[in-house]
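Undergrad: Following this message is one structure expressed as structure tokens.
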Amino acid sequence: MTEDRWLSVDEIAEHLGIKRDTVYRWVTDRQMPGHKIGRLWKFNKKEVDDWVKSGSAGDKDDEDPNTKDRLK
């Protein structure tokens with residue numbers, strides 16, 4: 001049986017291995033798929049995984065300047 005429940009910001013951040021602030025930034029800046037229900041953001045794991053696989057998660061050059069130099 002597949003799990004079809006909606007994930008919270010913390011759960012999707014943990015799934016992706018990122019911080020919750022990055023989730024909010026990606027929703028705003030990179031059109032990460034999410035649905036706002038009242039005050040809360042909820043995420044469908046398959047939609048987000050498909051979005052990441054499409055390359056949309058890494059299509060901007062606005063990475064954290066503190067980590068950019070370490071990755072070179």
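Read-outs: derived from the displayed coordinates by stated rules, not from any lab. Computed from a prediction, not measured in an experiment: that's the story for all the values here. Cβ: placed from backbone, ideal geometry, glycine included. Neighbour counts: every protein chain shown.
Undergrad: Kindly write out, for region 27-38 in residue order, the coupling ³J(HN,Hα) from the Karplus curve 6.51 cos²θ - 1.76 cosθ + 1.60 (θ = phi - 60°), rounded to whole Hz, with x marking Gly and Pro.
TA: Each residue of region 27-38 in turn: 4, 6, 8, 10, 6, 4, x, x, 10, 8, 10, x Hz.
Undergrad: Give me the net charge for the shell around ASP10: Cβ to Cβ below 13 angstrom, other residues only, Lys and Arg +1, Asp and Glu -1.
TA: Once positives and negatives cancel, what remains is 0.
Undergrad: Evaluate E = 1/(1 + (r/R0)^6) for THR28 and ARG5, where r is the Cβ-Cβ distance and R0 equals 35 Å; express this FRET efficiency to the nearest 0.05.
TA: Efficiency for this residue pair is about 0.90.
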